[in-house]
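Following: one structure in structure tokens, then a few remarks.
What follows is calculated from the coordinates using simple rules that are stated; it is not laboratory data. Model, not experiment: these values are computed from the prediction. No Cβ is skipped: glycine too gets one built from the backbone with ideal geometry, and neighbour counts run over all protein chains shown.
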Amino acid sequence: MAIGRADSAGGVLEIDLAGIVANWRYLAQQVAPATCAAVVKADAYGLGAAAVAAALAAGGCRRFFVATLDEALALRTAITAPLEIAVLNGPAPRSTAEFAEHGLVPVLNDPGQIEDWGRAGTRQTPLPAMLHVDTGMARLGLTLPEFERLADGLRCSSAICWHGVISHLACADEPAHPLNSQQRLRFATMRDRFGDIPASLAASSGIFLGREFHFDFVRPGAALYGVNPLVGAPNPMRQIVRLDARILQIREVDAGQPVGYGASHVMATPGRLATVAVGYADGWLRSLSHRGSGRIGGVRVPMIGRVSMDLAVFDVTAVDPLVARPGRFIELLGQDYGVDAAAADGHTIGYEILTALGRRYHRVYRYVASASTQ
Ligand SMILES: Cc1ncc(COP(=O)(O)O)c(C=O)c1O
């Protein structure tokens, strides 16, 4: 991964690892005696899987989920502690040997994956796996008829050592949605049929649907990284990322001055503009054009005009010129304006703001527990 230099990168991305561990502990407390895994796929939602998983492992997390074999191998290499690494997308054809060699736990999603994995293990050396059952999302996992057909044989398979049976909720962020309880009931029935194997249904939002959704372990991702699992209610999680954009230029402009591509913003009054070195190539989404905002010197400054590939423009007329000057930073994400606020302005979800965060930023990982509260 290219990491921007401290002295010249267009943005500084600070990641609060102690906050991620605090978020994990908070969720773990919510679900005890069930246990809490951590989802670190997509490079821990863009924040750096090696650093995030190392911090979580030191904090007590033992079970991690990634999406792909490559992500799992990178994690295995980065962390020497004996962690369980489960791979949500399961083994691609001809990858079973690599899974077995590195002690990875595939999540088996369809009869083909199950067959391949069953052939790779033996009675003497059964191989670990989790089974994914589809309880209503129609995305991954055995369908109900497939499960009915295969369940008895799978339970008794001597070639597979079952580490879990999982399913995923489609509407956990809408507590009143009837699909939540339908999925829970289907999952409970399938799980009972499958035997005494650790079961997991809930991710971030599902944790807050109530105890009956916790089963044996939960699999949060987004909430660890500060995304609000309770849509429309106060966020119980700590904000984890802070993003500061470097001011490249300041200019005084007259009323009537058009700003940026398409001249889509025209200054109504004279003012002062700051051009920062962050654009949509850095994950500062183009859909934030005319809508995003930043903070500098305690002042909220509106972003004006369209976001371009490497640059964005803020109206800093209200900021002391000694504060808003080249080389200083405008805060784009932080405690006042978090990933969910940026997501709302950019017509997307916090997950996308995080996973889009660019590779050109200078990244700073903070390990020390901060004074900020949940
Ligand atoms: C199967 C599965 N489990 C857990 C998660 C984590 O979800 P969240 O980030 O909402 O906690 C995901 C995320 O997409 C997933 O696909």
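The condition (being surrounded by fewer than 22 Cβ atoms within 10 Å (Cβ to Cβ), within 11 Å of the ligand (Cβ to nearest atom) and within 26 Å of G164 (Cβ to Cβ)) is satisfied by just one residue among G210, G221, G206: G221. Selection of region 104-144 for residues being under 19 Å from R184 (Cβ atoms) and either basic (K, R) or more than 12 Å from the ligand (Cβ to nearest atom) (or both) yields L131, G136, A138, R139, L142, T143, L144. With respect to being under 30 Å from V364 (Cβ atoms), more than 13 Å from the ligand (Cβ to nearest atom), surrounded by 16 or more Cβ atoms within 10 Å (Cβ to Cβ) and of a type outside the set (F, W, Y), A51 fits the description.
Within region 317-339, track down each residue that is under 28 Å from G350 (Cβ atoms) and among the β-branched types (V, I, T). If the condition is that a residue be under 28 Å from G350 (Cβ atoms) and among the β-branched types (V, I, T), then V319, I330, V339 are the ones that fit.
Screening region 301-374 for strands (runs of 3 or more DSSP E) wholly inside it with 1 or more residues that are touching a Lys or Arg at 6+ places or on another chain (Cβ under 7 Å) and either under 15 Å from G283 (Cα atoms) or of a type in the set (S, T, N, Q) (or both) returns the ranges 329-333, 362-366. Of all residues in region 253-280, those satisfying the criterion of being surrounded by 12 or more Cβ atoms within 10 Å (Cβ to Cβ), over 27 Å from V12 (Cα atoms) and more than 35 Å from the chain's Cα centre (by Cα) are V253, Q257, P258, V266, M267, P270.
Scanning region 118-146 for residues that are touching a helix residue (DSSP H, G or I) at 6+ places or on another chain (Cβ under 6 Å) and of a type in the set (A, V, I, L, M, F, W, C) yields A120, L127, A129, V133. Of all residues in region 1-32, exactly one satisfies the criterion of being in contact with a helix residue (DSSP H, G or I) (Cβ under 8 Å, 6 or more places away or on another chain), small (G, A, S) and part of a helix (DSSP H, G or I), namely A18.
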